[in-house]
Amino acid sequence: DGDAQRAGVDRFIKLKGGRVITVDEKVRRKKWPDIILEFWSNRQARIPGWVAKPAWTDWVAYAIAPTRTCYVLPFQPLRKAWQENHAEWVERYGTIEAENRDYTTVSCPVPIDVLLAAIHGGMVIGWPK
């Protein structure tokens, strides 16, 4: 629990050429057809969740343990997708509240195909003639 982890980094990966990339690791213990995006880390204290705040991370490695599947998601396009779609997603897919001892964490379960399409859409830019 250091500065890097509080800034959204669980792992530093040094590539052959010397470049370092940062990864935020998420694991779900049950099989679900969605990826939960935490937008309140602490609702009572108004502390944003990992998808709703800036972070040092380059990638989110989102593993679904029972299926032995990991989605490696680019963090900035993921955040952009959340910023552009969160109101619709919360209305359409609802929220998941996790009651902790002194606070509540709130997330939105976005279907995997919907999230991947939104991330991809944010990575394609057009311009007028």
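Brief remarks follow.
- Within-9-Å neighbourhood charge of residue 22 [Cβ basis; K, R +1; D, E -1]: -2
- Rolling a 1.4 Å probe across the protein heavy atoms gives the chain an accessible surface of 66 Å² per residue.
- The chain - percent of accessible surface contributed by carbon and sulfur, probe 1.4 Å: 54 percent
- Descending semi-axes in whole angstrom, ellipsoid equivalent of the chain, from the Cα gyration tensor: 22, 21, 16
- Measuring r between the beta carbons of residue 13 and residue 129 and using R0 = 35 Å, the FRET efficiency lands at 0.25.
- Taking all Cα-Cα distances within the range 75-117, those exceeding 16 Å account for 42%.
- When you filter the trypsin sites (Lys or Arg not before Pro) in the range 53-107 for DSSP loop state and at most 16 other Cβ atoms inside 10 Å of their Cβ, you are left with 68, 101.
- Among residues other than residue 109 with Cβ under 14 Å from its Cβ, the summed charge is -1 (Lys and Arg +1, Asp and Glu -1).
- Built amide H within the under 5 Å cut-off of residue 38, gap 5+: 50, 51, 108
The values are calculated or read from the model by the stated rules, or taken from the named source; none is laboratory data. These numbers were taken from a predicted model, which means no experiment stands behind them. Note that each Cβ is placed from the backbone with ideal geometry, even for glycine, and that neighbours are counted across all protein chains shown. SASA here: full protein model, heavy atoms, side chains in, ligands and nucleic acids out. Shrake-Rupley method; radii C 1.70, N 1.55, O 1.52, S 1.80 Å.
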